[in-house]
Amino acid sequence: MTHAKTKLQKLEFYITNVCNLGCASCNRFNNLHFKGHSAWKDYAHTVSLWAEKLEIDHLVIMGGEPLLNPDINNWVVGLSKAFDKPVQIMSNGSRINKVPGLYEALVEADNSFVGISLHYPELKDTIYQAVRDFFPSRYPVVEKDGEENTVLGGIKSFQDNNNIHVEVWAGSDFSENSLMVKANGRYTLYNNNPKDAFRDCSFQKFKNYHWINGKIYRCGPVGLFPQLDDQFDLDLDVQDKALLRAYQPLCADDSPERHKKFFENIDSMIPQCKFCVAAPKTIHLSPDNDLKNVQKLIAKT
């Protein structure tokens, strides 16, 4: 018996912890020299199982900086073919003209596209030039400015006559994340009333469900807390260490009953919400404080 597919507006495929920027309060902790890439070959079969069960309007590849994953082209083409639709790479833009074969992969993947979150306005001209360098010279590129003129309401879009598209959005304001540094120098997490943290959670507001290591999580932090603890030994008591590992993500081969229950409750508060900040402050990114020699970094071959 064939079951109807579960429909999701968006699913974010998280394929690397690694990032080359040091953005303060990154909500996926990629400013901490967080390690770990996902190889396409390790998850291709799992992706095919998910494609049999899910109908996803908007497929997003992200990290970390996904263009640092050496397998990015295979992820783009593989996800697109599995779900039979384009995918979006969500990038900081610093590597867009450094990945051999990326343009061809986007073409093969049903004219998929790159979205760039411009974390540092000071790098605008550098990023824009990197995007121009990304397009093959044989295809004329049309540039448009302003949310009323761009393809998807960004601050600038680039599109060639081969229908490959790069969109840039402003992204220099972050919300305070769940990580704190104690007086002893070790990292720890908040211990809030979970109702308060859930109320203010941007992940639940925008329904940013995450696919991490083949499994689906209601948000990025709950999927990454165990990895964070493995790499940095968070300063938490025994009960909280157990709690951050107690969340049960959804696996592709779980029973239909588990799938149904999971998606019925995916927008609900979970006990692990206590680890996130309530009423988060806005953190405006500053290259002077967060990142040294950014132009030099982007210019590197």
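Observations, loosely collected:
- Only listed residue being in a helix (DSSP H, G or I) and either buried (at least 16 other Cβ atoms within 10 Å of the Cβ) or modelled with pLDDT of 95 or more (or both), chosen from LYS296, LYS241: LYS241
- Top-ranked residue of the stretch 138-173 - restricted to ones that are of a type in the set (Gly, Ala, Ser) and touching a residue at least 40 places away in the same chain (Cβ under 8 Å), ranked as surrounded by the most Cβ atoms within 10 Å (Cβ to Cβ): GLY171
- Matching residues in the stretch 198-235 - criterion: being part of a loop (DSSP other than H, G, I, E, B) and closer than 20 Å to ASN30 by Cα: CYS201, ASN208, TYR209, ASN213, GLY214, ARG218, CYS219, ASP233, LEU234, ASP235
- Verdict on ASP233 being charged (D, E, K, R), surrounded by fewer than 16 Cβ atoms within 10 Å (Cβ to Cβ), closer than 28 Å to LEU32 by Cα and not assigned by TED's automatic domain parsing to the domain that holds ALA51: yes
- The stretch 174-197, subset outside any strand (DSSP E or B) and free of Cβ contacts under 8 Å to residues at least 40 places away in the same chain, residue nearest to CYS219 (Cα to Cα): GLY185
Quick grid of which residues meet (1) more than 13 Å from the chain's Cα centre (by Cα); (2) free of Cβ contacts under 8 Å to residues at least 12 places away in the same chain; (3) in a strand (DSSP E or B):
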position: ASN27; (1), (2), (3): no, no, no
position: HIS33; (1), (2), (3): yes, yes, no
position: LYS41; (1), (2), (3): yes, no, no
position: GLU55; (1), (2), (3): yes, no, yes
position: GLY64; (1), (2), (3): no, no, no
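- Selection within the stretch 6-34 - farther than 9 Å from GLY64 by Cα and modelled with pLDDT of 95 or more: THR6, LYS7, LEU8, GLN9, LYS10, LEU11, GLU12, PHE13
The values are calculated or read from the model by the stated rules, or taken from the named source; none is laboratory data. Just so you know, these numbers come straight off a predicted model, no measurement behind them. For neighbour counting, all protein chains shown are included, and Cβ atoms are generated from backbone atoms with ideal geometry for every residue, glycine included.
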